[in-house]
Amino acid sequence: MTIPQPAADPAEHAAARRERVLREAVRHRLLDPEDALLAAFVDLDGVAASVAGLRAAFPAGPDVLHTFAAKANCLVPLLARLRELGLGCEVASPGELAQALAAGFRPDRIVLDSPAKTRRELAAALELGVAVNVDNWQELERVDALVGSGTPGSRIGVRLNPQVGGGSIGAMSTATATSKFGIGLADEGNGKRLVEAFRERPWLTWVHVHVGSQGCPLDLMAEGVARAVAFAARVNEELGRRQVVGVDLGGGLPVNFADDTTAPTFAEYAGLLRARVPELFDGGHRLATEFGRSLLAKNGFTAAYVEYTKTSGGRRIAVTHAGAQVATRTVFMPDTWPLRITAHHPSGAAKDGAPVPQDVAGPCCFAGDLVATGRPLPLLEPGDLVALLDTGAYYATTHFQYNSLPEPAVHGFTVDAAGAVRFVPLRRAQPVEELLRPV
């Protein structure tokens, strides 16, 4: 068997690396036409490189905490790997908090964000010492009741909505005038009321801001950060003391799904912030970040077998085992979340040949279960493999249980200098029997 060697061109290198992994996955029967029809793969070397890029882009030291947004990939073994790489964890539900703790994150390196925190969630977080970003006025009253006259062991901040507008994907824009997240800075009376809230609560010491991720331009994100930093300065000036000591840069970066290039980079974003909000880097603020998709998306892919091919109304269709259950956003919003797809022989080797427009369909029983429509690919045949690229975040780890389709296995992998691939289990395939467990 001829295994492709890494090429000098980054795109060729990425393609050769994926092909090598697919070949080895087939050889180890992690992909099998009878027993493992679908599986996801996470490049642990790539994850480490992405984390290193993030850490290099921002100031180093104890006053900077980079957290990983658990929603992007909540598998405990992967969270543990990210912890080993020096990250903290941002969570948005009791389940994600439990997963973060199971992965070994110290409570003081966990940040809780959610627009719907219950009293029980808040009490548990404060008791543990987890950082909390308060989302709204009513939640602030709940925290008041829990803190009482004491001093909380958690660092507590307020999520500000800078109301700078949205990007090209409305559902991913969290700083519009009417966003459900945070307290609107521009709403009448809120600025003054927020200053008084900080004055009355010396334990309110952080501000949090999140403009959005996919579809949001960096300039818009930087403007949101600038407004939050300006508000922090206003609080400190009006109170005559340095009460706001930290800024939580919630949210992530948009991801390039068009090719193998990582763009924008963390360095580009940090450079823009330095130019737009230089005071953020002058040592006067502690910083936290909450990147998720941008750390993992390009470090993973999902592979599935082609079960059948057909032609209907002159259109070629390949029916595969990867559809809405692992590519939910792509299936329901294909123009917003398009995925690159590569075609492979049953061995995992890349297929060549003239591209033929064809639909790549999933196994779900509704007509719209398509991950690609009219996509030019080498002609797919039963037994071939397709790979859905850039799916290291969300996708297979955010499973949609349509048709009671079970969760696929997720495998981490590394490739050593000699080209040897080593697989690490991140999640086992869910057996069908598990769907039958009594309540």
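Structure data summary
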{"item": "Criterion: modelled with pLDDT under 95, on the phi > 0 side of the Ramachandran plot, surrounded by 21 or more Cβ atoms within 10 Å (Cβ to Cβ) and not basic (Lys, Arg) - qualifying residue of 252, 212, 283", "result": "212"}
{"item": "Qualifying residue in the range 136-151 (condition: among the acidic types (Asp, Glu) and either more than 24 Å from residue 71 (Cα to Cα) or outside the structural domain of residue 229 (by TED's automatic domain parsing) (or both))", "result": "yes"}
{"item": "Test: residue 87 is touching a His at 6+ places or on another chain (Cβ under 6 Å), under 22 Å from residue 394 (Cβ atoms), in the same structural domain as residue 284 (by TED's automatic domain parsing) and surrounded by 15 or more Cβ atoms within 10 Å (Cβ to Cβ)", "result": "yes"}
{"item": "Matching residues, the range 344-358, being exposed (fewer than 14 other Cβ atoms within 10 Å of the Cβ) and either on the phi > 0 side of the Ramachandran plot or free of Cβ contacts under 8 Å to residues at least 40 places away in the same chain (or both)", "result": "352, 353, 354, 355"}
{"item": "Only one of 113, 9, 32 that is of a type outside the set (Gly, Ala, Ser) and in contact with a Lys or Arg (Cβ under 9 Å, 6 or more places away or on another chain)", "result": "113"}
{"item": "Test: residue in the range 321-333 that is over 30 Å from residue 217 (Cα atoms) and crowded, with 18+ Cβ neighbours inside 10 Å", "result": "yes"}
{"item": "Meets criteria (of a type in the set (A, V, I, L, M) and not in a strand (DSSP E or B)) for residue 295", "result": "yes"}
{"item": "Considering residues of the range 102-129 that are touching a Gly at 6+ places or on another chain (Cβ under 9 Å) and crowded, with 24+ Cβ neighbours inside 10 Å only, the residue farthest from residue 156 (Cα to Cα)", "result": "105"}
{"item": "Elements of type helices (runs of 4 or more DSSP H) in the range 7-95, at least 3 residues being more than 23 Å from the chain's Cα centre (by Cα)", "result": "10-27"}
{"item": "Those residues of the range 282-307 which are within 19 Å of residue 21 (Cβ to Cβ) and basic (Lys, Arg), in sequence order", "result": "298"}
{"item": "Any hit, the range 304-322, residues being in a loop (DSSP other than H, G, I, E, B), outside the structural domain of residue 237 (by TED's automatic domain parsing) and under 23 Å from residue 38 (Cβ atoms)", "result": "yes"}
{"item": "Within the range 383-431, considering residues that are part of a loop (DSSP other than H, G, I, E, B) and among the hydroxyl-bearing types (Ser, Thr, Tyr), the one nearest to the chain's Cα centre (by Cα)", "result": "394"}
{"item": "The lone exception for residue 263 - which of (1) over 30 Å from residue 42 (Cβ atoms); (2) free of Cβ contacts under 8 Å to residues at least 12 places away in the same chain; (3) not in a strand (DSSP E or B) it fails", "result": "(1)"}
{"item": "Residue list for the range 276-292, restricted to those being assigned to a helix (DSSP H, G or I) and either farther than 17 Å from residue 248 by Cα or not hydrophobic (A, V, I, L, M, F, W, C) (or both)", "result": "276, 278, 279"}
{"item": "Residue, surrounded by the most Cβ atoms within 10 Å (Cβ to Cβ), within the range 173-185, restricted to residues that are touching a residue at least 24 places away in the same chain (Cβ under 8 Å) and of a type in the set (A, V, I, L, M, F, W, C)", "result": "175"}
{"item": "Residues being charged (D, E, K, R) and surrounded by fewer than 23 Cβ atoms within 10 Å (Cβ to Cβ) - total across the range 156-172", "result": "0"}
{"item": "Residue that is surrounded by the most Cβ atoms within 10 Å (Cβ to Cβ), among those in the range 215-249 that are assigned to a helix (DSSP H, G or I) and among the small types (Gly, Ala, Ser)", "result": "228"}
{"item": "Pairs with Cβ under 7 Å, 6+ apart, first in the range 364-382 and modelled with pLDDT of 95 or more and outside any loop (DSSP other than H, G, I, E, B), second of a type in the set (Asp, Glu) and exposed (fewer than 15 other Cβ atoms within 10 Å of the Cβ)", "result": "378/352"}
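The values are calculated or read from the model by the stated rules, or taken from the named source; none is laboratory data. It should be emphasised that the depicted structure is a prediction, and the values quoted were computed from it without experimental measurement. Note that each Cβ is placed from the backbone with ideal geometry, even for glycine, and that neighbours are counted across all protein chains shown.
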